[in-house]
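Worksheet for the structure shown next.
The values are calculated or read from the model by the stated rules, or taken from the named source; none is laboratory data. Predicted model, so just to flag it, every value in this text is computed and none were measured. Here the Cβ positions follow ideal geometry from the backbone for every residue, glycine too, while neighbour counts run over all protein chains shown.
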Amino acid sequence: MVNYKDLGLVNTREMFKKAIAGGYAIPAYNFNNMEQLQAIITACMETKSPVILQVSKGARKYANQTLLRYMAEGAMQIIKESGTSIPVALHLDHGDSYELCVSCIETGFSSVMIDGSSLPYDENIALTKKVVDYAHKYDVTVEGELGVLAGIEEHVVAEKSHYTDPNDVEDFVKKTGVDSLAISIGTSHGAYKFKVKPGEEVPPLRFDILEEIEKRIPGFPIVLHGASSVLQEYVALINKYGGKMEGAVGVPEDQLRKAAQSAVCKINIDSDGRLAMTAMVRKELHEHPENFDPRKYLGPAREELIKMYKHKNENVLGSAGKA
Ligand code: G3H
Ligand code: 13P
Ligand code: ZN
């Protein structure tokens with residue numbers, strides 16, 4: 001059993017409390033490889049932002065769960081050696097079983113998500129409560145989910161979103177004991193969040209549902225998944241240098257800024273990192289076809305990622321300077 005506290009990690013409880021009181025959101029950035037992790041911690045150290053390092057089941061499979069855990073431990077050591085101190089949580093994204101959550105907790109995660117949102121309501125409650133009962137023994141925090149986002153969540157593909165029903169949230173939180181709740185108010189996973197014609201605005205998030213939820217569970221930490229903005233400069237670079245991503249569109253940053261000022265205290269961003277990295281790799285390989293050293297194209301991709309994460313912390317989530 002690895003105790004996350006021995007690695008210098010923290011759970012999300014204190015982070016969320018401060019974020020709600022301060023009107024900002026903690027960035028939850030996914031990583032699958034070394035360059036992404038380096039970029040996340042560099043950007044968060046340079047902007048003095050708390051951060052949630054997010055690992056999905058797919059990331060564990062891709063990068064190897066043991067290596068990922070040591071990478072996170074290495075990241076904590078780098079932060080310590082730099083002389084800066086920022087709160088860092090290591091979080092399982094979209095855990096789909098009790099066993100997976102237990103395995104993460106045993107290997108040093110400080111926070112887990114159990115995503116029972118595709119299950120019938122009572123089964124979601126039972127599974128979430130089982131994870132909470134285990135996690136809380138080790139002071140690990142748990143995120144649950146109510147409502148379904150459109151897009152792809154691991155292997156679950158939802159054609160349509162089902163907004164969270166505000167009538168359920170109080171009961172769910174009370175019966176499960178979760179520490180935070182992911183809700184569905186119009187965001188969706190991936191790079192194709194809305195079907196809009198050129199020049200058309202994307203539909204606004206359902207702030208009315210969010211407000212209703214906040215009334216039912218005042219001050220309770222709310223999480224937004226599927227919150228990439230699908231930055232058009234990266235989509236344009238990808239298309240320019242041989243990619244094919246027509247119609248890719250995300251959540252406008254001003255809407256996320258508004259959400260961050262509410263009880264939304266964790267904002268999940270994965271696709272924007274994928275886009276920044278892919279755009280720079282395509283550009284570098286196109287402009288320097290003689291390159292065959294991965295450092296020559298992954299290095300610039302990492303630089304661009306740092307720039308993008310700093311921008312999110314400073315201008316969108318408001319987490320810069322809050323460490
Ligand atoms: O919400 C899902 C995250 O973007 C993780 O994606 O399962 O492909 O690693 P993944
Ligand atoms: P995006 O696909 O919008 O980046 O969402 C990421 C996410 O919700 C991870 O859980
Ligand atoms: Zn998600």
What are the residues in segment 219-251 that are of a type in the set (V, I, T) and at negative phi, if any?
I222, V223, V235, I238, V249, V251
If D254 satisfies all but one of (1) closer than 19 Å to G23 by Cα; (2) more than 20 Å from the chain's Cα centre (by Cα), what's the number of the condition it fails?
(2)
I'd like to verify a number: residues in segment 195-216 that are in a loop (DSSP other than H, G, I, E, B) and under 16 Å from A259 (Cβ atoms), how many?
5
Using beta carbons and a limit of 9 Å, which pairs, at least six apart or on different chains, have the first residue in segment 33-51 and on the phi > 0 side of the Ramachandran plot and the second one surrounded by 22 or more Cβ atoms within 10 Å (Cβ to Cβ) and in a helix (DSSP H, G or I)?
K48/N313
Among (1) more than 24 Å from L68 (Cβ to Cβ); (2) buried (at least 19 other Cβ atoms within 10 Å of the Cβ); (3) in contact with a strand residue (DSSP E or B) (Cβ under 6 Å, 6 or more places away or on another chain); (4) of a type outside the set (S, T, Y), which single condition is F194 missing?
(2)
Identify, from the list I217, I213, I238, I209, the residue that is touching a residue at least 24 places away in the same chain (Cβ under 8 Å) and within 16 Å of ligand 2 (Cβ to nearest atom).
I238
Kindly provide the set of residues from segment 61-70 that are surrounded by 19 or more Cβ atoms within 10 Å (Cβ to Cβ) and touching a residue at least 40 places away in the same chain (Cβ under 8 Å), ordered by number.
R69
Strands (runs of 3 or more DSSP E) wholly in segment 85-164 with at least 2 residues that are at pLDDT 95 or above and within 18 Å of the chain's Cα centre (by Cα) - which ones?
88-95, 111-114, 141-146
Selection from segment 85-104 of residues that are away from ligand 1 (no atom under 16 Å from the Cβ) and touching a residue at least 40 places away in the same chain (Cβ under 8 Å):
S85, I86, P87, V88, A89
Which is modelled with pLDDT under 95, in contact with a Pro (Cβ under 9 Å, 6 or more places away or on another chain) and away from ligand 1 (no atom under 16 Å from the Cβ), of V264, V202?
V202
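Per-residue answers, yes or no, for (1) in contact with a Gly (Cβ under 8 Å, 6 or more places away or on another chain); (2) farther than 19 Å from L119 by Cβ; (3) surrounded by 20 or more Cβ atoms within 10 Å (Cβ to Cβ); (4) among the aromatic types (F, W, Y):
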site	(1), (2), (3), (4)
D179	no, yes, yes, no
A182	yes, no, yes, no
T187	yes, yes, yes, no
G190	yes, yes, no, no
E201	no, yes, no, no
D208	no, yes, no, no
R216	no, yes, no, no
Y234	no, yes, yes, yes
